[in-house]
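Single-structure report; data block below.
Derivation of every value follows stated rules applied to the coordinates shown; laboratory data play no part. Treat the numbers as computed from the prediction; the structure is a model and nothing was measured. In this analysis, Cβ positions are derived from the backbone assuming ideal geometry, glycine residues included, and neighbour counts consider all displayed protein chains.
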Amino acid sequence: MNPNKFEFIKDKYDDAETSRPSLTYWQDAWRRLKKNKLSMAGLVTIGIILLLGVFGPMFTPYSYSDQVNKYKNLPPIMKLYELGGTYFYVSNDYNIFAVERNGRLIDRIDADRSRRDVINKVYVYTYQGEDVVLDFSYNLLPSKMGYDYDLTLEYRGETATQHSISRINRIFPFGTDDIGRDLMTRILYGARISLLVAFIATIVNLFIGIIYGSISGFEGGKVDEIMMRIVDIINSVPLVLYVILLMVWFRGGGLWNIIIALSSVYWVSMARLVRGQILSLKEQEFILSAKVLGVSRSRIIMKHLIPNAIGPIIVSMAMMIPSAVFTESFLSFIGLGVSAPMASWGTLANNALSGMITYPYQLFFPAMSIAFTMLAFNFIGDGLRDALDPRLRKG
Amino acid sequence: MRSYFLKRVVSMFITILLITALTFTMMHSIPGGPFTREKAVPDEILRRLNEKYNLDQPVFIQYLDYMKGLLTFDLGPSYSKIGTSVNDLIVGGFPASAKIGLLASILIIIVGIPIGVISALKQNKPIDYVVMFMATLGITVPSFVVATLIIYFFAGKLGWIPSFGITNPLGYIGPVIALSGYSLSFISRLTRSSMLEVLRQDYIRTARANGIREWSVLGKHAIKNALIPVVTYLGPMIAAILTGSFVIEKIFAIPGLGKYYVDSVNNRDYTTIMGVTVFYAVFYIVMVLLVDLAYTIIDPRIKFGSEK
């Protein structure tokens, strides 16, 4: 046999090996998560919200409790009347503000108390030594119906019936609330509180759920039976009721009370999930071999069972955070949230509710913040579920 | 079957017993009684009030009294609405909550499930994307935001529906949509994914290969099997919806049970809190039990008594 007729094929195998480097579980999951555009958008959104919540309040000139009483209920976009080179904004409660052309507030113009004609609905204000006459009787008095404008503003001999320009409020970009607090600052603080509650409650749930579920699943038998009965009992009542009861028991709000209430109740679903995972894993050979080698039970749970069940646990955790944000805003909404003047998004939405028709922006911003956060977390959760699902691992 | 049913009923009673005991102890461990006011109530009056409502007894005796009342469906007097009993509050409030809840449940079933099926059949077509986008929005936007948006646009700007109350039939539209929003979206997503799973199965391919008409394949084989996980979720959800959502009732100013509950929480009206909690819990547990029993009819494979 002539050895020259043979050739080595080793190189080809090497090529095949190097064309696809082996990936760890997390690298593989991350690779697939990166392909999911919605999840990445969600991740970026949450990152931005977190940064804004943590660092944002440092850069605003106001704190969440600062009240500027004269600037109450100012909208984010002001409709300005131009009269004699000066710009005026007339608020819904007939306060007049002098504003620069670019939308920066100069000051509130003080009303001349003695020259307020409430019956004929004409108020006279004084700005820089001259009268500003506001007549808002149109379409209000029976003799003045059918106008296509509601008020006239008179200053330095000029009269305006329509606003001339709309400008963004430079000092309060999101407007102010009913006692003159800057809404942007409050929403940034709200992000801090809402996310803090959500993250801590979720982490506590995770710990309780994992410990409870893995003990119940691993021990089996009577222990499992009793532990799962307890879970069944807790589960057979709408959980919101428990949370409300706990909040009443704590006598109302407070950040930590909400966190304790949320985290003492919502671990149940996590415990069930972990138990199910452990039950299916503990019959496998690698657990048997660990047992044969004399590994202690706690070590088997911590080192072998939980790492193998981590995929579904993480997915469920990603879904738990938005529901915690939601429950917190729900609690704040019915008046059991953080105590004033602190505010979460739910409190802000609740406060805005009474003036909703007149001041819709006060509701719009907190509502949008909640919706965006929920949306982002849901996208991340969906993406994680797809990325960590072992059935899809070939892709 | 019968032994399973008995076991469930027994565990239901144990659950109710534990819930009442827990709630009762929690209520009574709060310092200050229901008659503690900002302005101090004279001792003599306080003593008389406590005597009238049996609050001078030890907590355990009070609990026994309460349970005795519960057995005869007497939930005690309301502390903040003097002269009304908690029973009156529930009888007065529950019909409004239940009406809205029932309408919302019907809406969820007749809209959510078909939408899910259609979007599964048209997978990756524009209609599927539109439906799934709407469903994701529905899940992520909290119900109180939906409710306020409805009031703002449809009641405020357009004036199509009244902004509060349910005296006018149009008044139901807002609360029903706001209440069903989340579950409707969830159900349509669930139906879609479960339908997709079923359509991939071999027996669907076999049915098609046998030349069965597409309508039969979908109706008799696909949808029926796809609905099992949906029904699982539907049961507890309808129970939760029927008892009403606090927030929706507060926003639309509906005099339902949820509103009383929130009020009683704010007024620290302990008997009402207790009564409504027990009512909710019993209602919820009974509903879940009924749904579980209904499974045997829907899916003959499910047998009770042995857990999976």
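Give me A:Asp93, A:Asp110 ranked fewest to most by other Cβ atoms within 10 Å of their Cβ, as a rough exposure proxy.
Numbers: A:Asp93 8, A:Asp110 12.
By the 10 Å Cβ count, ascending: A:Asp93, A:Asp110.
How much mean residue ellipticity at 222 nm does the protein assembly as shown get from its helices, if each DSSP H run of length 4 or more adds -39500 (n - 2.57) and you divide by all residues, to the nearest 500 deg cm²/dmol?
-19000 deg cm²/dmol
Once amide H atoms are placed 1.01 Å from N in the peptide plane, what residues at a sequence separation of 5 or more from A:Ile179, or on another chain, have their amide H within under 5 Å of its amide H?
A:Asn73
What residue among B:Ile228, B:Ile204, B:Ile150 shows peak mean-square fluctuation when chain B is described by a Gaussian network model with Cα springs under 10 Å?
Looking only at B:Ile228, B:Ile204, B:Ile150, the biggest GNM fluctuation is shown by B:Ile204.
Work out the length of the dipole vector of segment B:47-155 about its Cα centre, built from +1 on the beta-carbon of each Lys and Arg and -1 on the beta-carbon of each Asp and Glu, and round it to the nearest 20 debye.
160
If one computes P(r) from the Cα atoms of segment B:194-245, what percent of pairs lie at distances over 16 Å?
49
How would you rank B:Phe154, A:Phe379, going from fewest to most other Cβ atoms within 10 Å of each one's own Cβ? Please report the intermediate quantities before stating the final value.
Values: B:Phe154 18, A:Phe379 23.
Fewest-to-most ranking of B:Phe154, A:Phe379: B:Phe154, A:Phe379.
How do A:Ile106, A:Ile260, B:Ile82 rank when sorted from fewest to most other Cβ atoms within 10 Å of their own Cβ?
Values: A:Ile106 13, A:Ile260 17, B:Ile82 7.
Result, fewest neighbours first: B:Ile82, A:Ile106, A:Ile260.
Using only the Cα atoms of segment B:14-154, construct the convex hull and provide its projected area averaged over every direction, in square nanometres to one decimal. Could the numbers behind the result be given before it?
On the way: hull surface 57.8 nm².
Mean projected area for segment B:14-154: 14.5 nm², to one decimal.
Among B:Ile61, A:Ile77, B:Gly159, whose Cα projects farthest towards the positive end of the dipole of the protein assembly as shown, with charges put on the beta-carbon of Lys, Arg (+1) and Asp, Glu (-1)?
B:Ile61
Other chains' Cβ within 10 Å of B:143-155 residues: what's the mean?
Numbers: counts 3, 12, 11, 2, 1, 8, 5, 0, 3, 5, 1, 0, 1.
For peptide B:143-155, the averaged partner shielding equals 4.
Taking the convex hull of the Cα atoms, report for chain B its projected area averaged over all directions, in nm². Write out the running numbers ahead of the final one.
Working: hull surface 84.9 nm².
Averaging across all directions leaves 21.2 nm² for the Cα convex hull.
Report, in degrees rounded to the nearest 10, the 0 to 90 angle that the Cα long axis of helix A:239-249 makes with the longest principal axis of chain A.
The answer is roughly 60 degrees.
Between B:Ala207, B:Ala135, B:Ala98, where does the largest GNM mean-square fluctuation fall for chain B, given springs only between Cα atoms within less than 10 Å?
B:Ala207
To the nearest 20 Debye, how big is the dipole of the protein assembly as shown about its Cα centre, given +1 on the beta carbon of each Lys and Arg and -1 on that of each Asp and Glu?
For the protein assembly as shown, the charge dipole is close to 2200 debye.
Under a plain spin-label model, where a point goes 7 Å from the Cα along Cα-to-Cβ, how far apart in nm are A:Glu100 and A:Glu130?
2.1
Top mean-square fluctuation among A:Ile96, A:Ile233, A:Ile215, Gaussian network model of chain A, C-alpha springs under 10 Å?
Comparing A:Ile96, A:Ile233, A:Ile215 in the GNM, the peak value goes to A:Ile233.
Test of understanding: what is the full-extension gain from B:Gln201 to B:Tyr129, defined as 0.36 nm times their sequence separation minus their Cα-Cα distance?
Here the answer is 23.6 nm.
Along the charge dipole of segment A:113-161, which of A:Gly129, A:Gly157, A:Ile119 sits closest to the positive end, that is, farthest toward it, with unit charges on the beta carbon of Lys, Arg, Asp and Glu (+1, +1, -1, -1)?
Towards the positive end, the residue furthest out is A:Ile119.
What is the helix-to-structure angle for A:37-59, meaning the angle in degrees between its Cα long axis and the longest Cα principal axis of chain A, kept from 0 to 90 and rounded to the nearest 10?
Roughly 50 degrees between the two axes.
Within segment A:149-171, name every residue whose backbone N is under 19 Å away from a label modeled 7 Å from Cα of A:Val122 along the Cβ vector.
Of the residues in segment A:149-171, A:149-162 have backbone N under 19 Å from the label point off A:Val122.
How big is the Rg/Rh ratio for segment A:103-193, C-alpha atoms only, Rh by Kirkwood, two decimals? It would help to have the intermediate numbers written out before the result.
Numbers: Rg = 17.1 Å, Rh = 15.9 Å.
Taking Rh as the inverse mean 1/r over Cα pairs, Rg/Rh reads 1.08.
Two decimals is fine: what's Rg over Rh for segment A:213-359, C-alpha atoms, Kirkwood radius as Rh?
Working: Rg = 20.1 Å, Rh = 17.7 Å.
Reported Rg/Rh, Kirkwood definition of Rh: 1.14.
Hey, can you grab everything whose amide H is under 5 Å from the amide H of A:Gly355? Only 5+ residues off in sequence or another chain; H modelled, so Pro and N-termini drop out.
Under 5 Å from the amide H of A:Gly355: no residue qualifies.
Which ³J(HN,Hα) values, rounded to whole Hz and listed in residue order, are derived for segment B:208-213 from phi using the Karplus coefficients 6.51, -1.76 and 1.60 in 6.51 cos²θ - 1.76 cosθ + 1.60 with θ = phi - 60°, glycine and proline given as x?
So the J values, rounded to whole Hz, are 5, 4, 6, x, 5, 4.
Mean shadow of chain A, computed from the convex hull of its alpha carbons, in nm²?
That works out to 34.4 nm², a quarter of the Cα hull's surface.
Roughly how tilted is helix B:257-267, in degrees to the nearest 10 and between 0 and 90, from the longest Cα axis of chain B?
The two axes meet at around 40 degrees.
Give the total of Lys-Lys pairs in segment B:86-307 with Cα-Cα distances below 20 Å; include a pair only if its members are 8 or more places apart or on different chains.
Values: B:Lys99/B:Lys250; B:Lys99/B:Lys259; B:Lys122/B:Lys220; B:Lys122/B:Lys224; B:Lys224/B:Lys303; B:Lys250/B:Lys259.
Total qualifying Lys-Lys pairs in segment B:86-307 comes to 6.
Would you please give the residues with an amide H less than 5 Å from that of A:Tyr87, counting only those at least 5 places away or on a separate chain, with H modeled from the backbone geometry?
Close amide H contacts, sequence-distant or interchain: A:Val99.
Shape call for segment B:90-208 from the C-alpha gyration tensor, a ≥ b ≥ c root eigenvalues: rounded (a/c under 1.5), prolate (a/b greater than b/c) or oblate? Could the numbers behind the result be given before it?
On the way: a/c = 3.17, a/b = 1.98, b/c = 1.60.
Judged from the Cα gyration tensor, segment B:90-208 comes out prolate (a/c at least 1.5, a/b above b/c).
Sorted from largest down, what three extents in whole angstroms do the Cα atoms of the protein assembly as shown have along their principal axes?
The Cα atoms of the protein assembly as shown stretch 113, 91, 57 Å along the principal axes, largest first.
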